[in-house]
Structure formats: C-alpha cells, structure tokens
1. Give me the residue from the stretch 89-112 that is away from ligand 1 (no atom under 12 Å from the Cβ) and of a type in the set (Asp, Glu) and, out of that set, farthest from Ile51 (Cα to Cα).
2. Mind listing whichever residues of the stretch 36-53 are of a type in the set (Gly, Ala, Ser) and touching a strand residue (DSSP E or B) at 6+ places or on another chain (Cβ under 8 Å)?
3. I'd like to check something: does the stretch 70-88 contain any residue that is basic (Lys, Arg) and within 16 Å of ligand 1 (Cβ to nearest atom)?
4. Any residue in the stretch 100-112 that is touching a residue at least 24 places away in the same chain (Cβ under 8 Å) and of a type in the set (S, T, N, Q) sitting within a Cβ distance under 6 Å of a residue that is more than 16 Å from ligand 2 (Cβ to nearest atom) and in a loop (DSSP other than H, G, I, E, B)? List the pairs, counting only those 6 or more apart or interchain.
5. Could you tell me which residue of the stretch 4-40 is surrounded by the most Cβ atoms within 10 Å (Cβ to Cβ), considering only residues that are β-branched (Val, Ile, Thr) and more than 16 Å from ligand 2 (Cβ to nearest atom)?
6. Could you tell me whether His16 is within 11 Å of ligand 1 (Cβ to nearest atom) and at positive phi?
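Each reported figure results from applying straightforward, stated rules to the coordinates on display, with no laboratory input. Computed from a predicted model, the values in this text were never measured in an experiment. Methodologically, a virtual Cβ is constructed for each residue, glycine included, from the backbone with ideal geometry; neighbour enumeration extends over all protein chains shown.
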Amino acid sequence: MKKISKDDAVRGLVPHHTHGSVDYTSVDQGHVHQCLDVTSPPIPTPDGGHIHYTEGYVVFEDGHTHYYRAYSGPAIPVGEGRHVHYYDFFTTEDAGHKHRIRGVDQPAPGDR
Ligand SMILES: [Fe+2]
Ligand SMILES: [Fe+2]
C-alpha cells in the first residue's frame, strides 16, 4: 500500500501532516529575524476541520533571539486535495521589542 507523501493530493483530512514555512519577521529596531518553522500535526476543530500549533525560536540576529507560540488559522483549500493555513502572531518581547510574523505556510495534502 502506498503511503501519502507531502506533495500528494488527497481528499479529506490527512492525519499526521505538518506544514513547513520560511519567512521573515517584521522590521523592528532596524532588523528582522528569519523564521524557519514546522508546525504540529493537525488539531481537530468542532467544524470538522483542523488547525496547527507551533512554537520555537527565530534565528539569532542583532545580539538576541525571540520565542513564539501560536496557532494557525483554519485550512484553506488551494485546489484538488491540497490546503494551506494563514498565520499571524507576535514573538516574545526581548531586548525591548517584539516582531510580528504573518504569512501562508507551504501546502500539504488534504482538502479540509
Ligand atoms: Fe493542515
Ligand atoms: Fe528582534
């Protein structure tokens, strides 16, 4: 039996899938941080869909780093059997400032 891979197109909710993302924070105090993230597996929501949790550090820059803990938005179908999630959150405050991180993660299998 063939197992589902990250680039496959599948109907329904795919258990255990995660999403990667490569992004930059907002500019604050004259610098940005890279944010290289992989989410948790799906967390079911009452409407039959799912969201994802994520936490980690942004890449060190300008003498400090920041931590973040966040939930994604709901699944957004982007065509036959694939979906993405929007994210929008703030890092912890360190060295007297915080950063906003927002964008869309990489598509994963499943249409809800
Ligand atoms: Fe997902
Ligand atoms: Fe910073």
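1. Asp94
2. Ser40, Gly49
3. Yes; the residues of the stretch 70-88 include at least one that is basic (Lys, Arg) and within 16 Å of ligand 1 (Cβ to nearest atom).
4. Filtered contacts from the stretch 100-112: Gln106/His19.
5. The qualifying residue surrounded by the most Cβ atoms within 10 Å (Cβ to Cβ) is Thr39.
6. Details: within 11 Å of ligand 1 (Cβ to nearest atom): yes; at positive phi: yes.
So His16 fits the description; yes.
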